[in-house]
Each structure stands twice: as structure tokens, then as C-alpha cells.
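To start, the structure itself, in C-alpha cells.
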Amino acid sequence: MKVTCLQENLAKGLGIVTRAVSPRNVLPVLGNVLLATEEGRLKLAATNLEIGITYWVGTKVEDEGSITVPARTLLDFVNTLPNEKIHMTLDSRRQSLNLKCESFTSDIKGVDAQEFPVLPSAAVGEGLSLNVVDLREMITQTTIAAATDDTRPVLTGVLVRLDGDQLTLAAADGFRLSMRNSKLSAPVHESVSVIIPARALSELARLVGDQDDMVWMVLPTGRGQAVFRLKDAELSSSLIDGTFPDFQPIIPRSYNTRAVVSTAQFLKACKAADIFARQASHSARITVTPGAESLPGKLQVNATAAETGAGETVIDATVEGPAIEIAFNVKYLVDVLTVVNTPNVALETTGPASPGVVRPVGRDDFIHVIMPMHLGK
């Protein structure tokens, strides 16, 4: 293998794929990144056997070849190089990769590419096309509710459901539920439901970045995997076995009290409350009071910590229904308000012991349900 590419392009590609490298690997080759020539470009790939990321770098290819080298070593070295051309040459007999860039030279020992796991692949235009903007937003609005411990593996994933012309993503950790719908550009022939690890989808959202190209999703038959293909990158993920809980029954169908507030003001109020609430299991008291005559209603966020004191913020609200007091994990409120992208948000409640619902005002494609906490004296 003999190739030449720009340092900034190689550094970008390595920064993307090495996110799939686990710091603790049973197999040494899983700590490596694959470099292989493919159709006039340099393919970079890394995997931890659960998530695989592939990225193609524009390259001048003089000789074909492939090798795997330690991911961290290669990334760190390339990041120190000047933004000039990097010349890479493989010594296949010694399984060593030589890099030259201006006055910098290195020889990095590698492992035969034949030992690297084969990653599932898909071509651009193959499978189901997804709008990048919608997909990125859907992922950020649902992964916040996925569980972070492995007690119940299915809860660490996001349910991805395809039904007719509807795409639904849902995640729940037992304390909150986030569900987001979007319309597909073309209906699917049969309904499909799979559970994809939340971490894999978060990496996909990071991978698509600010680009506006389409993403193609493929679910290879019988492989237990999902593949997402972009123009210059690809992400594959193992699916999570199991049945996702039926979440529809826990979504309240009505409310007694509804408060509409500024999303930005509510977010600031919750962040301020969490400074004190984090010492009390993040518990904060939400008090909603209807307006009187020409005066607006109020929403008050209050948190108290025995050691540090208390914080209280009152913001104007448009209130329907009677006054109510309810306690929530304010960190959960911060999480959801951060991903609500409408100027105003609604908080709907039926009682202090019932779930609260957060909805963006003016949109009906996103709903977030939060279980209440004990309302102390």
C-alpha cells in the first residue's frame, strides 16, 4: 500500500472512527484501526463488535493494500503533524506502516488486516432513506431517556418503529419516556420494530453533524444489525434482543392543569434549581398558579438543600386549570428542555402523584413523560 492524503482529512477521519474503539478489548486487533485502499480512496474503520464506524478519505492511491495499526498511536501522531500531505507506505513483510510528513517520519507496527472483523456494509441509495435533519433531532430528543445501566438491556436502547409512512423513536428508563414521530418520504411495505443501542444512535447523530445529505438505513435479514450509510461514512450497530415495554398506556391522555411558558426561561429556572437540588436527589418542587383577572399565571421552580440553602425562580405562564404542586427530578427537566426547539413549551399535569408531560407548543410530534417524585413537606 502506498497512498498520499492531506493531514486534516486523515485526522478528521481518524477522529470519527476511533470513537468506536473500546479502551478495554479482549482481542488486540479491536484496539486498532483498519486502513485499506478501496476504489481510489482510503477506507478507515474501527469497531468494538457492537458499533462499527467506517469513513472514506480522499486519497491518491499508488499501490493497493491494507493493514491495521493501534488507533490511539496513529491518531495522536497524525494530530501532531502539520497540515500538509502525508505519505503512507506499507511494509507488508514487517507489517509496519511508514508515515512521512515534511520533517516528521514514523514507523507504526501493525496487525494483518485479515484479522480485523468484517463489518456489515451498505451502498448509498440502498435501503430506507431518512431525512438527516429530522433524524438528528429525533435522536437527540429520545436518547436522553434511555437507561445508562445494563440492569434491563432493552432500556439502554431506543425503539425504532417503521409503520406505513411513520417513523417512531422511543426510549424509557423507568422514570421518563421520550417519543418522537416523523413522516417517511416513502411508506414501508411492512411494519418493522427494532431496538438500537442509544450509544450507537448518539454516535450516528454526531456522525451526520451539520450535513444535509440523506441517510440510508438497512436492516440486513437475519443479521441482528442495523447499518446507516452516509456519503463518506457508515455506522453499523448490533441490535438489542428483547421486547420493548408497551409505553402507550403510561402516556396521559388528558390533564387537569396546563402551563405554557417560555422554553428558555423554564430551562434557566431548572438549571438554577438544580444547583441546590443536586444535593437532594435532584428533587425540585414545581408550583403552578393560575392568573387573576388581567395578571398572568405563574410557574415557580423551587429547590432546597439542607447544607447549601435554597433557590427559587418564578416565571410568567399561561395556565389552564387549577393550581398544583408537584415534584420532579429537575435534571430530567433540564435534559428535555435542552432538546425542545420551540419558543414555548407546555407542562401538563393531572395530580401530584401522576406523571407530568412536556410538549413543545405548536408541534404534536414529540412528547416527554416524567414520573413525579415524592412531594416532601
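The values are calculated or read from the model by the stated rules, or taken from the named source; none is laboratory data. From a predicted model like this one, the values you see are computed outputs, not experimental measurements. Here the Cβ is made from the backbone with ideal geometry for all residues, glycine too, and neighbour counts use every protein chain on show.
One table, with the values for the structure above:
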{"read-out": "Any hit, region 14-33, residues being assigned to a strand (DSSP E or B), under 30 Å from Ile196 (Cα atoms) and either touching a residue at least 60 places away in the same chain (Cβ under 8 Å) or of a type in the set (Asp, Glu) (or both)", "value": "yes"}
{"read-out": "Every pair of residues 6+ apart whose Cβ atoms lie under 8 Å, when the first sits in region 157-177 and is without any contact (Cβ under 8 Å) to a residue 24 or more places away in the chain and closer than 14 Å to Leu201 by Cα while the second is crowded, with 20+ Cβ neighbours inside 10 Å and among the acidic types (Asp, Glu)", "value": "none"}
{"read-out": "Residues within region 214-266 that are over 22 Å from Asn131 (Cβ atoms), in contact with a Leu (Cβ under 9 Å, 6 or more places away or on another chain) and in a strand (DSSP E or B), tallied", "value": "7"}
{"read-out": "Matching residues in region 94-110 - criterion: being surrounded by fewer than 18 Cβ atoms within 10 Å (Cβ to Cβ) and within 18 Å of Thr37 (Cβ to Cβ)", "value": "Gln95, Ser96, Asn98, Lys100, Ile108"}
{"read-out": "Hits in region 259-299 - residues which are surrounded by fewer than 18 Cβ atoms within 10 Å (Cβ to Cβ), more than 29 Å from the chain's Cα centre (by Cα) and not aliphatic (A, V, I, L, M)", "value": "Thr287, Gly291, Glu293, Ser294, Pro296"}
{"read-out": "Count - residues of region 301-314 that are over 31 Å from the mean Cα position of the chain (by Cα) and either surrounded by 21 or more Cβ atoms within 10 Å (Cβ to Cβ) or closer than 20 Å to Thr263 by Cβ (or both)", "value": "3"}
{"read-out": "Residue in region 142-149 that is in a helix (DSSP H, G or I), of a type in the set (S, T, N, Q) and not assigned by TED's automatic domain parsing to the domain that holds Val339 present", "value": "yes"}
{"read-out": "Residue count, region 331-377 (criterion: under 21 Å from Asn302 (Cβ atoms), of a type in the set (Val, Ile, Thr), under 23 Å from the mean Cα position of the chain (by Cα) and not in a helix (DSSP H, G or I))", "value": "4"}
{"read-out": "Residue check, Thr338 under 30 Å from Arg136 (Cα atoms), touching a Leu at 6+ places or on another chain (Cβ under 9 Å) and surrounded by fewer than 17 Cβ atoms within 10 Å (Cβ to Cβ)", "value": "yes"}
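Conditions (1) within 11 Å of the chain's Cα centre (by Cα); (2) surrounded by fewer than 19 Cβ atoms within 10 Å (Cβ to Cβ), marked per residue:
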{"position": "Val160", "(1), (2)": "no, no"}
{"position": "Asp163", "(1), (2)": "no, yes"}
{"position": "Ala170", "(1), (2)": "no, no"}
{"position": "Ser185", "(1), (2)": "no, yes"}
{"position": "Val188", "(1), (2)": "no, yes"}
{"position": "Leu204", "(1), (2)": "yes, no"}
